[in-house]
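So the structure is just underneath, and the comments pick up after that.
The values are calculated or read from the model by the stated rules, or taken from the named source; none is laboratory data. Note that the structure is a prediction, hence the values are computed from the model and not measured. With ideal geometry, Cβ positions are generated from the backbone for all residues, glycine too; neighbour counts draw on all protein chains shown. Note: accessible area is taken over every heavy atom of the protein model, side chains too, but ligands, DNA and RNA are not part of it. Shrake-Rupley method; radii C 1.70, N 1.55, O 1.52, S 1.80 Å.
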Amino acid sequence: MQPSSALPARITMLSGGVGGSRFAQGVRHLIRRSATSLTCIVNTGDDMWLNGLRVCPDLDSMMYGLAGVNDRDRGWGRAGETERVSAELVAYGVGADWFTLGDLDLGTHIARAQLLRSGLGLAQVTRRLSERWDLGATLLPATEHEVETRVRVDEETTLHFEEWWVRHRAALPAREFVHPGAAEAIPAPGVLEAIRDADVILLAPSNPIVSIGAILQIPGIADALREASAPVIGLSPILGDAPVLGMAAQCLRAVGAEVSAAGVARHYGARSYGGLLDGWLVDEQDAEAVAGLEDAGIAAAAVPLLMGTDDLTADMAQAALDLAGRTGR
């Protein structure tokens, strides 16, 4: 795999979860012999306090994946994990048996909680934790404020997103996704600058509602994308009529969006019409959507979008950069 065009100096990516981590690894693979920098703005809506520790699932998935210490079989957590501590917590009646944290993973959460309690903000803490490994990217939390994604399942009940997703496997019908405290939050240090200074902005093939969507709930981030001088290019997390990973279909249906590659693009909207996208990649099986997206003001192309290897994922990243070159920005 060789770049088909000159690489930009600065790539900024919005991402979350396992899909975002895999795509970030492909982008890094593409730029590994270049001077291009990669900055990843990561969803913090999944974050929560658990057993006195601050757990940041998406930041950790990104960090573990880029560090090469993630569990590729499970898709989350550290490789070679043991779960003795979680078992002890459950035995004492204070653990969450539906959300098991491995012992190595708990080391991360203990370190994070200690650094947060020392007075550091989450952006500084993330930088401190990331320094352990050569990630080839800078990770930025979307915000340092605690803005957790919650799922309204009936008139009186909202659940933390992780409880709805992991414990209930998204089986409870979601009426809406809410983000308490979002109106008062601000982007974490470096986030708006990373968008402003980027040469290309990528929306990873992450869940458009609870990963990318949660990032966009932080005031100022969506506006910064609309005002950015760089092209904004997204990659579809939907291939055919199914998400590549996770339960994005349930999330899309909950907000009335069509479960399709074109439906996700229309959800984000064309930047020329007040939305976010300049370009959108769909999988080859969705090639018939390209013409309609072009008519809607979104440059589009159909390419293979399965992230089976770093080379294949790097090819996806290159296709996104090539599409950015077509937007005229």
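Some notes on this structure:
- Considering only residues in the range 67-79 that are closer than 14 Å to T108 by Cβ and not basic (K, R), the one that is surrounded by the most Cβ atoms within 10 Å (Cβ to Cβ) turns out to be N70.
- The residues on offer are A35, A24, and the sole one that is modelled with pLDDT of 95 or more and open to solvent by 10 Å² or more (accessible area, probe 1.4 Å) is A35.
- For the range 268-317, a tally of residues being in a helix (DSSP H, G or I) and either open to solvent by 10 Å² or more (accessible area, probe 1.4 Å) or of a type in the set (A, V, I, L, M) (or both) returns 23.
- Qualifying residue in the range 96-116 (condition: at pLDDT below 95, of a type outside the set (S, T, N, Q), farther than 15 Å from M48 by Cα and surrounded by fewer than 18 Cβ atoms within 10 Å (Cβ to Cβ)): yes
- L235 vs. criteria at pLDDT below 95, surrounded by 19 or more Cβ atoms within 10 Å (Cβ to Cβ) and in contact with a strand residue (DSSP E or B) (Cβ under 9 Å, 6 or more places away or on another chain): no
- Reported count of residues in the range 279-313, each being within 19 Å of the chain's Cα centre (by Cα), under 24 Å from A228 (Cα atoms) and of a type in the set (G, A, S), is 1.
- Residue that is most open to solvent (accessible area, probe 1.4 Å) [pool: residues in the range 167-180 that are of a type in the set (A, V, I, L, M, F, W, C) and farther than 28 Å from P219 by Cα]: A171
- Of all residues making up the range 145-166, the number that are surrounded by 21 or more Cβ atoms within 10 Å (Cβ to Cβ) and more than 16 Å from the chain's Cα centre (by Cα): 2
- Check on S130, of a type in the set (S, T, N, Q), over 29 Å from V255 (Cβ atoms) and surrounded by 15 or more Cβ atoms within 10 Å (Cβ to Cβ): yes
- Given (1) open to solvent by 20 Å² or more (accessible area, probe 1.4 Å); (2) in contact (Cβ under 8 Å) with a residue 40 or more places away in the chain; (3) not aliphatic (A, V, I, L, M); (4) not in a loop (DSSP other than H, G, I, E, B), index of the condition D60 fails: (1)
- First in the range 285-301 and free of Cβ contacts under 8 Å to residues at least 24 places away in the same chain and of a type in the set (A, V, I, L, M, F, W, C), second anywhere and open to solvent by 30 Å² or more (accessible area, probe 1.4 Å) and in a strand (DSSP E or B), Cβ under 7 Å, 6 or more apart: A287/A302; V290/A302
- Selection status of Y92, free of Cβ contacts under 8 Å to residues at least 12 places away in the same chain and aromatic (F, W, Y): yes
- Tallying residues that are in a strand (DSSP E or B) and either in contact with a Pro (Cβ under 7 Å, 6 or more places away or on another chain) or under 21 Å from R326 (Cα atoms) (or both) within the range 1-37 yields 5.
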